[in-house]
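Inspection log for the structure reproduced underneath, given as structure tokens.
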Amino acid sequence: MNILILCHGEPPPESLLISERQRCDLFIAADGGAWIALDHGVTPDVVIGDLDSFRADRRPDGPWTILHDPDQETNDLEKALAHAHSVGGQTIVLLGGTGKHLDHTLKNLSVCLQFRNRFEHLRILESGGELFFLPETWQGRVGTGRSLSLVPFGGPVTGIRTDGLRYPLHNETLQVGVRDGSSNEALQETVTIEHDTGDLFLYLARRTKPETSQPSDIERS
């Protein structure tokens with residue numbers, strides 16, 4: 001099952017939201033993300049969260065399912081991902097998960113790490129590109145000339161080996177505050193990235209207009 005989750009961060013372009021809604025089987029709005037959806041004329045199937053933003057005294061009537069979870073030990077994205085997993089979600093696209101508040105962005109990245117192994121694929125889309133955690137071996141058709149960055153998350157990422165990048169890595173280590181892998185470039189259609197230990201994000205800059213979604217052709221092993 002393909003599931004779209006919309007958080008209450010930086011609103012995505014309307015056409016991106018609409019195109020991703022058309023691709024998904026279930027659309028979950030995480031609390032205030034419902035307001036973003038309704039502002040764009042898109043109705044979520046499920047609204048979930050502590051509902052401090054999508055309050056009962058403000059929200060309109062709708063056909064959606066409302067799931068109120070007041071637990072303050074989990075944020076709204078955690079609640080949305082837990083629900084997505086419980087209904088059999090396999091591929092997750094996250095919109096509105098970044099922007100506005102830096103602490104919320106960092107928290108959401110941490111939540112994505114927490115849930116990464118519960119789904120076949122989980123990726124974050126924003127106006128400039130897409131972000132997702134890499135398995136230990138990843139090969140993807142990203143397009144010659146496409147800008148990308150390797151982002152270590154948390155501790156060091158060791159044994160990184162790449163093929164097809166302008167600035168290749170040969171069994172090297174990246175670590176926040178020590179060395180990063182930002183602003184690299186694909187020299188061929190398909191690139192390969194491997195690493196031995198650690199949690200590694202790949203950020204792929206958007207190749208076309210921000211309003212369109214161009215998911216990568218991803219092969220995992």
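What the Cβ-Cβ distance of SER127 and ALA56 gives, at R0 = 41 Å and to the nearest 0.05, is a FRET efficiency of 0.80. For the stretch 17-170, the spread of Cα coordinates along the three principal axes comes to 57, 32, 30 Å, biggest extent given first. Distance from the C-alpha centroid of the stretch 24-75 to that of the stretch 86-132: 17 Å, rounded to the whole angstrom. Split the accessible area of the stretch 99-214 by element, probe 1.4 Å, and carbon with sulfur accounts for 49%. In order along the stretch 10-17, phi translates into HN-Hα couplings of 5, x, x, x, 4, 5, 5, 4 Hz, rounded to whole numbers, per the Karplus curve 6.51 cos²θ - 1.76 cosθ + 1.60 with θ = phi - 60° and x for Gly and Pro.
Residue separation times 0.36 nm, minus the C-alpha to C-alpha distance between THR137 and LYS100: what's the value?
Additional length available on full extension: 10.0 nm.
Of the trypsin sites (Lys or Arg not before Pro) found in the stretch 57-105, the ones in coil according to DSSP and having at most 11 other Cβ atoms within 10 Å of their Cβ are ARG58. Of the GluC sites (Glu not before Pro) found in the stretch 116-157, those that fall in a DSSP loop while having at most 14 other beta-carbon atoms within 10 Å are GLU120, GLU136.
GluC sites (Glu not before Pro) within the stretch 1-76: which are DSSP loop residues with at most 12 other Cβ atoms inside 10 Å?
Values: sites: GLU14, GLU20, GLU73; in loops: GLU73.
For GluC sites (Glu not before Pro) across the stretch 1-76 that sit outside H, G, I, E and B with at most 12 neighbouring Cβ atoms in 10 Å, the list reads GLU73.
Before rounding to the nearest 500, sum -39500 (n - 2.57) across all DSSP H runs of length at least 4 in the chain and divide by the residue total; then give [θ] at 222 nm in deg cm²/dmol.
Here the helix-only value at 222 nm equals -5500 deg cm²/dmol.
The values are calculated or read from the model by the stated rules, or taken from the named source; none is laboratory data. Please read all numbers here as calculations on a predicted model, not as lab measurements. Cβ: placed from backbone, ideal geometry, glycine included. Neighbour counts: every protein chain shown. With ligands, DNA and RNA removed, areas are computed over all heavy atoms of the protein, side chains included. Shrake-Rupley method; radii C 1.70, N 1.55, O 1.52, S 1.80 Å.
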